[in-house]
Amino acid sequence: MDLTDAQWAVLEPTFRPRRRPDGRGRPWTDPRAVMNGVLWVLRTGAPWHDLPSRYPPYQTCHRRFQLWQRSGRLDRLLQRLAEDLRDRGKIDLSEAFVDATFASAKKGALKIGPTRRGKGSKVMAICDRGGLPIAVHVASASPFEPHLVPATLDARFLPDLPWCLIGDRGYDSDGLDDLLMTQYGIEMIAANRRGRAKTQDGRPLRRAKRRWKIERLFAWLHNCRRVVTRWERHVGNYLGMVQLACARILLRAFMR
C-alpha cells in the first residue's frame, strides 16, 4: 500500500528536493512517487528492475534511495520520528532490549562474515520498553554480539540513553558490563551462561521476561522482505533498507 496523504505530510519535509539557486536543470521526479517505489521494493524484496510501471523508473528510485542514505536523510527522519514519540511519552527508556538477527548475503558484499548458516551480516537492534526501535546497526556476522553493542548504542536515534539494557545469555560478559557502566552509565542485565559464577540476583532478571518485545521487533522488520536477505553489495544500502523498515514502524506509532 502506498503512503497516505497524512503519512506523506510527516515525511515530506525530510525528502523535499533541493532546488538550484538559479532555477536551472531538469525538475526532480515527485519524491512521494519515488518513496512509494522504494517502499514497494522494501516490502516485497523484489529486484529493482521488477518495479511496477505505476512507479517512476527503477533507476530513478534506486539512485534517489542511495542519495537519501548517503546524505543522512534517513538518519534525520529516524531522529525526528523518535524525538516526537519521546516528547509525547510514546518511547520509554526506563529499560531497553538488545539482540541481533542474521541476514544471509546471496551475492558478494562488503561487511559479511562466515557462520554455520553461511555468509551474511548481523542486524543489531535495540528497542525501548514498548518494543519500538531506538537503534540499529549492521555488521559482519562473524563478531560476537557483545562486541557490537557499543557501536549499536552509538547509532541510536535519540541522544538519551536507556537506564538498563537487557539481553539473552550471549550478552553475559564482565567486559561488556564494565564498558557499558563506565562509558554509558548503563546496567547490562543478562542471565549467566553455564559454568559462570552468579553475578546478578533474580530481581533484575525478571525484566528478561519481556525480551519477547525485541523478538517482535524483528518480526516487524522481517515483514519487509528486503531486510530478511541482503542483496545489496554496499553495507550503506542495506543499512538504508533496515532504517526505512524502522521508519515504517515509528511512523505507524506516530500516526496513532
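Picking from residues in segment 180-233 that are of a type in the set (V, I, T) and over 30 Å from A46 (Cβ atoms), the one that is modelled with the lowest pLDDT is T199.
Could you tell me whether segment 94-108 includes any residue that is more than 19 Å from R216 (Cβ to Cβ) and buried (at least 19 other Cβ atoms within 10 Å of the Cβ)?
To start, the set of residues in segment 94-108 that are more than 19 Å from R216 (Cβ to Cβ) comprises 104-108.
In the following step, the residues that additionally are buried (at least 19 other Cβ atoms within 10 Å of the Cβ) were identified as 105.
Yes, that holds for at least one residue.
Look at segment 70-84: where a residue is more than 15 Å from P133 (Cα to Cα) and a partner is surrounded by 17 or more Cβ atoms within 10 Å (Cβ to Cβ), sitting 6+ places away or on another chain with Cβ atoms under 6 Å, you get R73/T14. Among the helices (runs of 4 or more DSSP H) contained in segment 1-95, which hold 2 or more residues that are in contact with a Ser or Thr (Cβ under 7 Å, 6 or more places away or on another chain) and closer than 22 Å to V242 by Cβ? Output list reads 73-87. Taken over segment 199-231, the criterion of being buried (at least 22 other Cβ atoms within 10 Å of the Cβ) and outside any helix (DSSP H, G or I) is satisfied by R230 alone.
The values are calculated or read from the model by the stated rules, or taken from the named source; none is laboratory data. This is a predicted model, so every value here is computed, not measured. Counting neighbours? That spans all protein chains shown, and the Cβs are built from the backbone with ideal geometry, glycine included.
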